[in-house]
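Take a look at the structure below.
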Amino acid sequence: MKDCWFPVGAADDIPSAPGRETLLMGEPIRLFRKAGQIQACDAEGRDLPVTVAYDHVWTSLGTPSQPIFAIPEAEEPGRRFVPCGHVRVACSPLRAVENFLDIAHFPFVHTDILGAEPHTEVYRYEVKIREEEDEVWATKVRFYQPQAAKAAEGGQEIEYMYRVPLPTASVLYKTCPSKPEAWDVIAIFVQPLTETTCVAWPWMALYDDTSSQADLVGFQQMIFLQDRAILENQVPALLPLDPGKEIPTRADMTSIAYRRWLKSHDYTYGAQLEAQ
Amino acid sequence: MTDTPRTPSQGTPPQWTPVALSRDLAPATAIPVIAEGTELALWRGRSGRLAAWHDRCPHRGMRLSQGFVRDDMLSCLYHGWRYDLEGQCRKIPAHPELEPNKAICVPAWSVTEATGIIWVSETGSGAPPDTGALAPLRSLTVERSEDALRDHLGDGVVIEFDGLHLLLQGLPQGRCVLHALTGPGLDAAGQRAASHRLEALRTRFEDSEDIA
């Protein structure tokens, strides 16, 4: 997992050398801007790989074998790109991603926004590992939402797609309220500070000509703060990867696939295994 | 969880732990408590009945003490899984037509309420100590371990000290709850005075170098 890319900061917020310290997988690292370039180094001053994508800075303690995953929608004209600041959460980075993949909690955690009783049913949807891209995908996910987005007026059934291209990053596509033929894109980039603390960097690529940037960020921050109340109260803090520790249902197919995918790749930073 | 409270030396083998005063748990509410190092969700249904369970939803590990009570069911805050007073899952809102599998249940402790005090026990054998006509005053947490306090206060179940009757509930990490009772029939002024004595006691314990 050390060889994966991880988000570590907002691209427009990296000071000049000596820069700023942060933590990646328990290791102190430093980010700084030098000669117009964003750079990163570890505690010994060793250079770390850096890539800037989707308004964020990504690095790795190892050697990434691939460039950062593609979000084709990030190239589409007419979209607004909204980095939503960050939310620090005292939970496993993997639990934060799993929560992002979950829709069944909407009526209870994001009440009257992303869900509301009695509209609690999660219909059957499709999940698979796309072998070529090596990504977890869930499609044909449908859910009734009272206020699906800042620009939404009234309740509607929303369709979602989810993808997991990296162990601590996920991108979702959902029905765009103002442009039904297009998808809004919302991503969560999670920085693992330690196995039980992380920073979530939400990012969006929307068709929304009316809402102010501040309102869009505020909406997304509200959603993530509601999630934090859950994430900091899950026991154990680490994500159990072996079946039997927790009881899933059909609504959890994405979470089940995510856990299997993590385990098959030995992506276990922030996870709990049987042997423990 | 490292601290395991000692068994009272008077030797009542079935151990009941006082975890709350009845008045501090209103109908249709849930709170987290700790007994013998185990985190429990203590809750009261609308009917007034009590339950004490492992504080963890079997689905995704969410603390059930953060949940919400409707009628005599406790719902997990995360996905609304609904459990009856026996700890059996009765409803999974994501699948409204589904009858939840019988295997989905939360491990429960015994819980009982007597003379204004709520007690829990893992085994449930025997009865909790009888506090007779003593009147519950209030509960308060001290930053000292149960063992350290007992070295100072003595080892009974109900400890008489400075005009107060104290029940001890050991917590992990060197903390302990004192559930204070008074003699019966105290008026408001008497209760205020007793409450001040209890706070003074906490300050004295926490300031004392003898009580580590």
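Remarks
- Residues of region B:97-135 satisfying the condition of being more than 14 Å from the chain's Cα centre (by Cα) and either of a type in the set (Phe, Trp, Tyr) or assigned to a strand (DSSP E or B) (or both): B:Cys105, B:Ala135
- Among residues of region B:172-198, those that are over 28 Å from B:Glu39 (Cα atoms) and in a loop (DSSP other than H, G, I, E, B), counted: 5
- If you go through region B:38-56 and pick out every residue that is away from every other protein chain (no Cβ under 13 Å) and open to solvent by 10 Å² or more (accessible area, probe 1.4 Å), you end up with 6.
- Only one entry of A:Val122, A:Val82, A:Val127 meets the criterion of being in contact with a Leu (Cβ under 6 Å, 6 or more places away or on another chain) and β-branched (Val, Ile, Thr), and that entry is A:Val82.
- Scanning region A:126-144 for residues that are farther than 20 Å from A:Arg250 by Cβ and crowded, with 17+ Cβ neighbours inside 10 Å gives a single hit, A:Glu135.
- Pick from region B:101-117, criterion within 9 Å of another protein chain (Cβ to nearest Cβ) and free of Cβ contacts under 8 Å to residues at least 24 places away in the same chain, ranking: most open to solvent (accessible area, probe 1.4 Å): B:Asn101
- Condition check for A:Pro180: assigned by TED's automatic domain parsing to the domain that holds A:Pro165, open to solvent by less than 50 Å² (accessible area, probe 1.4 Å) and more than 14 Å from A:Phe100 (Cβ to Cβ): no
- Of all residues in region A:230-256, those satisfying the criterion of being open to solvent by 30 Å² or more (accessible area, probe 1.4 Å), closer than 15 Å to A:Val89 by Cα and more than 8 Å from every other protein chain (Cβ to nearest Cβ) are A:Glu232, A:Ala237, A:Leu238.
- Residues in region A:84-107 that are under 12 Å from the mean Cα position of the chain (by Cα) and open to solvent by 30 Å² or more (accessible area, probe 1.4 Å): A:His86 alone.
- For region B:57-96, taking the residues that are facing another protein chain (nearest Cβ under 10 Å) and either aromatic (Phe, Trp, Tyr) or assigned to a helix (DSSP H, G or I) (or both), the one that is nearest to A:Arg228 (Cα to Cα) is identified as B:Tyr78.
- Filter result for A:Tyr123 (modelled with pLDDT of 95 or more, surrounded by fewer than 16 Cβ atoms within 10 Å (Cβ to Cβ) and either in the same structural domain as A:Thr249 (by TED's automatic domain parsing) or under 26 Å from A:Ala53 (Cβ atoms) (or both)): yes
- Matching residues in region B:47-74 - criterion: being under 18 Å from A:Ile103 (Cβ atoms) and within 20 Å of the chain's Cα centre (by Cα): B:Cys57, B:Met62
- Region A:20-57, subset in contact with a Cys (Cβ under 9 Å, 6 or more places away or on another chain) and not charged (D, E, K, R), residue surrounded by the fewest Cβ atoms within 10 Å (Cβ to Cβ): A:Phe32
The values are calculated or read from the model by the stated rules, or taken from the named source; none is laboratory data. It should be emphasised that the depicted structure is a prediction, and the values quoted were computed from it without experimental measurement. Here the Cβ is made from the backbone with ideal geometry for all residues, glycine too, and neighbour counts use every protein chain on show. The area values use the complete protein model at the heavy-atom level, side chains included, leaving out ligands, DNA and RNA. Shrake-Rupley method; radii C 1.70, N 1.55, O 1.52, S 1.80 Å.
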